[in-house]
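In what follows, a structure is listed as C-alpha cells, so that the remarks can point back to it.
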Amino acid sequence: MFEKFADFAQSWTAWATVIVLVVFAAAMIVVMRKNPKWTTQMLTNAALCLALSFILSYIKLFELPQGGSVTCASLLPVIAFAYAYGLAPGLVVGFAYGLLQMIQDPWIVGFTQAMLDYPIAFGAIGLAGLARKLPSKYGFVVGIVLVGVVRFVCHTISGVVFFASYADGTGLSPLVYSLSYNSFVFVDLAIDLVVIAIPAVRRALDRMRPAPAAHAAQ
C-alpha cells in the first residue's frame with residue numbers, strides 16, 4: 001500500500017488528482033454561494049469523505065485483469081455522505097469520486113466507456129441519498145444495496161458494449177461474460193455491509209447526519 005502511495009506521489013496522476021480536487025473545491029464554493037444548502041460543514045464532510053474513500057481505494061484485496069478491484073470498503077465514506085445529506089449532494093460527491101478513480105487506475109478505451117465506468121457508475125453513489133428518510137436501522141443497508149446494483153448495471157453495460165471481445169474463447173456470450181466478470185461489485189458491496197454492521201462504525205456514520213433543524217431546512 002505505502003509503495004503505491006510513493007509511486008502515486010511521483011506520477012502524473014498525483015498532479016491530475018490535485019487539479020481535480022482544486023476544481024472540485026472551486027465548484028463547491030460557487031455552489032455554496034448560489035445554494036445556501038451547501039454549508040461549510042457539508043463541504044468539510046464532502047472533502048473528508050472523498051479523501052478517506054480515495055485512501056481506502058488503495059487497499060485492494062484483489063484486482064481483476066481487465067479493470068476493477070475489491071477494496072477495503074472504499075465506497076463507504078462517500079455513501080455515508082450521500083445518505084447523510086441527500087441525493088443532489090451525493091451525486092456531486094459521487095461524480096467527483098468517479099473522476100478521481102478515472103485518474104487513479106484507469107482502464108479506458110473511449111470517452112463514452114470512460115464516462116459510464118467512472119463518473120456515472122460512481123456517481124450512482126448519490127442514490128444512497130434516496131434512502132436517508134428510512135430509519136437508520138436499515139436505511140443505510142438499502143442505500144448501499146441500491147448503489148451496488150446501479151454500479152453493477154453500469155459496468156455490465158460497458159462490458160457488453162465496449163469489451164465484448166474479451167468473451168471470445170470463453171464459451172460465454174458477451175452479456176453472460178460481463179455479468180460474471182462484474183459480479184466483483186457485489187463482493188465490494190458485501191464488505192461494506194459487514195463494516196457498517198460494526199456498532200462503532202455505525203455510530204460514527206450516524207453522527208455525520210445533520211441535526212434535525214438543518215436536515216429539515218434541506
Inset, instruction - Quick one: GLY86 ticks every box in (1) modelled with pLDDT of 90 or more; (2) buried (at least 17 other Cβ atoms within 10 Å of the Cβ) except a single one, so which number is it? - result: (1)
Inset, instruction - Taking only segment 161-173 into account, find how many residues are farther than 24 Å from TYR97 by Cβ and surrounded by fewer than 19 Cβ atoms within 10 Å (Cβ to Cβ). - result: 9
Legend entry - Criterion: touching a Ser or Thr at 6+ places or on another chain (Cβ under 7 Å), without any contact (Cβ under 8 Å) to a residue 40 or more places away in the chain and not basic (Lys, Arg) - qualifying residue of VAL176, VAL153, VAL160: VAL160
Inset, instruction - For ALA124, state whether it is closer than 24 Å to SER178 by Cα and either at pLDDT 90 or above or not in a loop (DSSP other than H, G, I, E, B) (or both). - result: yes
Inset, instruction - Can you confirm whether segment 71-93 contains a residue that is out of contact with any Leu (no Cβ under 7 Å at 6 or more places or on another chain) and over 24 Å from TRP38 (Cα atoms)? - result: no
Inset, instruction - State the number of residues belonging to segment 40-53 that are surrounded by fewer than 20 Cβ atoms within 10 Å (Cβ to Cβ) and under 15 Å from the mean Cα position of the chain (by Cα). - result: 4
Inset, instruction - Determine which member of the set LYS34, LYS4 is at pLDDT below 60 and surrounded by 11 or more Cβ atoms within 10 Å (Cβ to Cβ). - result: LYS4
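The values are calculated or read from the model by the stated rules, or taken from the named source; none is laboratory data. Values in this document were obtained by computation on a predicted structure and should not be read as measured data. Backbone-built Cβ (ideal geometry, glycine too); neighbour counts: all protein chains shown.
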